[in-house]
Amino acid sequence: QVQLVESGGGLVQPGGSLRLSCAASGTIFSIYACTWYRQAPGKQRELVAAITSGGYTTYADSVKGRFTISRDNGKNTVSLQMNSLEAEDTAVYYCNANVDRVMYWGQGTQVTVSS
């Protein structure tokens, strides 16, 4: 059984930074693409950033230049460094990963940007 556990969410002022982490545990042979999604109240879940097993990254236009996704294949972790946070970034952030050709989701971590 594979589990994804996110951490690092919280309350931050506009312009501040947070770093989210997602750790995969269980019996794992290969982790393919990893993706961070977010869902704000009353809105659909949206893709924030993704990274392939080879390190290729893609970002939503709204976070380009502010967020950076990275992964540590040796530790089975994926991170999202979020800088210059804005109120519009407030949402529950979810980690998604393709582990051995099966898609898994984390439980989500709340990020609130407010003064």
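The values are calculated or read from the model by the stated rules, or taken from the named source; none is laboratory data. What you see is a predicted model, and the numbers here were worked out from it, not measured in a lab. Heads up, the Cβs are rebuilt from the backbone with ideal geometry, glycines too, and the neighbour counts pull from every protein chain shown. To get the accessible areas, we keep the full protein, side chains included, count just its heavy atoms, and leave off ligands, DNA and RNA. Shrake-Rupley method; radii C 1.70, N 1.55, O 1.52, S 1.80 Å.
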Whenever you get a sec, compute what percent of the accessible area on the chain sits on carbon and sulfur atoms (1.4 Å probe).
48
Counting only the heavy atoms of the protein chains, how much of residue 70 is accessible to a 1.4 Å probe, in Å² to the nearest 10?
40
The chain accessible area per residue, 1.4 Å probe, protein heavy atoms, integer Å², reads 53
Find the centroid of the Cα atoms in segment 51-75 and in segment 1-32, then give the distance between the two in whole Å.
13
Express the relative contact order of segment 13-70 as a whole percentage, based on alpha carbon pairs under 8 Å and six or more residues apart in sequence.
23
Expected field for residue 11, accessible surface area in Å² at 1.4 Å probe radius, rounded to 10, holds 130
Relative contact order for the chain: what percent, with Cα pairs under 8 Å and sequence separation of 6 or more?
37
In debye, nearest 20: dipole of segment 52-104 around its Cα centre with unit charges on the Cβ of K, R (+) and D, E (-)?
240
Rounded to the nearest 10 Å², what accessible area does residue 46 have for a 1.4 Å probe in the complete protein model?
80
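Which order do 35, 68, 90 take when ranked by solvent-accessible area (1.4 Å probe, heavy atoms of all protein chains), largest first?
Highest to lowest solvent-accessible surface, that is 68, 90, 35.
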